[in-house]
Amino acid sequence: MVDKKGKVMKLNIFYILSGVFLLIGCQQKEFLSKEGYLSVSGIEVQLQTNAEVISRAVSDDMLLIVELWKGNEMLRTLSTEEMQNKIELDAADDYMLKVYSPNYGVEKGWTNDEKGEPVYYTEVPFVVKQGETTGLKVQVPTITFAVSLNLSEVIGDWLQEYDFTVNTGDRTVALDNGDIAYFPYSEGVSFSYQLTLTNSDSETNTLNGDWGKDEGEVINTNTIYTVVYNWDTHSLSLKE
């Protein structure tokens, strides 16, 4: 005679144990497949100014391209909406964000007739750990430097004509008062400049200068170097 009560108890124990094993299996699977997250809290560009470098958040007129890389493989371009949330990624230690302005690369083709523009680029390596969130706040500098001309002390009746050029060895750009010319940065880069003035007495004078050739003269990205004519000394000086 079959003990129905005992059979029911055995079935209940079987279902309970099956449920326990299933739960343990799910938890193990969840643990094994658990990934990490990337959170991009903000991206700022460093603006070029005289004497100081400031930052501001990226606005609609400064759209940047953000690429997600793993090793040598570009996974995808991140959208603005995507970066507003946590991004799920496999745990790994060879991730990188490449952030750049849409004009990145054009600096290689600038001609003597082009004054150029700021070009932004940076690479940010990061690690994603299992079950953790990696937070990044990215500041994007320019990969260019700039030279401007300031003749405010002599502009007027005394100054009749002038010619000003900046040369970096592979490019020569002519500037008017207040103009800014941008140049690609590379290690060891230098620039020279020349100002030819003709005053109201029809006297002509040519002044020359350079920066980056002597020891201690370092050219930095994100910096505008301003050539100034000093009325008291009738000479040129360089401000940054």
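The values are calculated or read from the model by the stated rules, or taken from the named source; none is laboratory data. Because the structure is predicted, anything quoted here is derived from the model rather than measured. For neighbour counting, all protein chains shown are included, and Cβ atoms are generated from backbone atoms with ideal geometry for every residue, glycine included. Quick note on the areas: whole protein, heavy atoms, side chains included, nothing else; ligands and nucleic acids left out. Shrake-Rupley method; radii C 1.70, N 1.55, O 1.52, S 1.80 Å.
Some points to look at:
- Residues whose amide H comes within less than 5 Å of that of Thr223, counting only those at least five positions distant or on another chain, are Ala146 (H built at 1.01 Å from N in the peptide plane).
- With protein chains left intact and a 1.4 Å probe, residues in region 35-141 average 57 Å² of accessible area per residue.
- Carbon plus sulfur fraction of accessible area for region 35-141, probe 1.4 Å, in percent: 45
- Rounded Å value of the spacing that divides the Cα centres of region 196-239 and region 143-186: 9
- Solvent accessible area, Å² - Tyr162, 1.4 Å probe, full protein context: 60
- Accessible area (Å², 1.4 Å probe, nearest 10) - Glu240: 90
- Take every pair of alpha-carbon atoms less than 8 Å apart whose residues are at least six positions apart; their mean separation over the length of region 144-239 yields a relative contact order of 34 percent.
- The aspartates and glutamates whose alpha-carbon is closer than 13 Å to the alpha-carbon of Lys108, local same-chain residues fewer than 8 away aside, are Glu117, Asp170.
- Per-selection Kirkwood Rh - region 82-240 (Cα, Å, 1 d.p.): 18.5
- Every Cα-Cα pair in region 35-141 was counted, and those over 19 Å apart are 49% of them.
- Amide proton proximity set for Glu117, modelled H, under 5 Å, gap of 5+: Tyr182
- Residue-count net charge about Thr198 - beta-carbon cut-off 12 Å; Lys, Arg +1, Asp, Glu -1: -4
- For Gln139, nonlocal amide neighbours, meaning residues 5 or more places apart or on other chains whose placed amide H falls under 5 Å from its own, are Glu44.
- 3J(HN,Hα) along region 122-136: 7, 10, 10, x, 7, 10, 10, 9, 4, x, 10, 10, 8, x, 10 Hz, from the Karplus curve 6.51 cos²θ - 1.76 cosθ + 1.60 with θ = phi - 60°, whole Hz, x for Gly and Pro.
- Positive minus negative residues near Val66 (Lys, Arg vs Asp, Glu; Cβ under 14 Å): -2
- With every protein chain in place, region 144-239: carbon and sulfur % of accessible area (1.4 Å): 39
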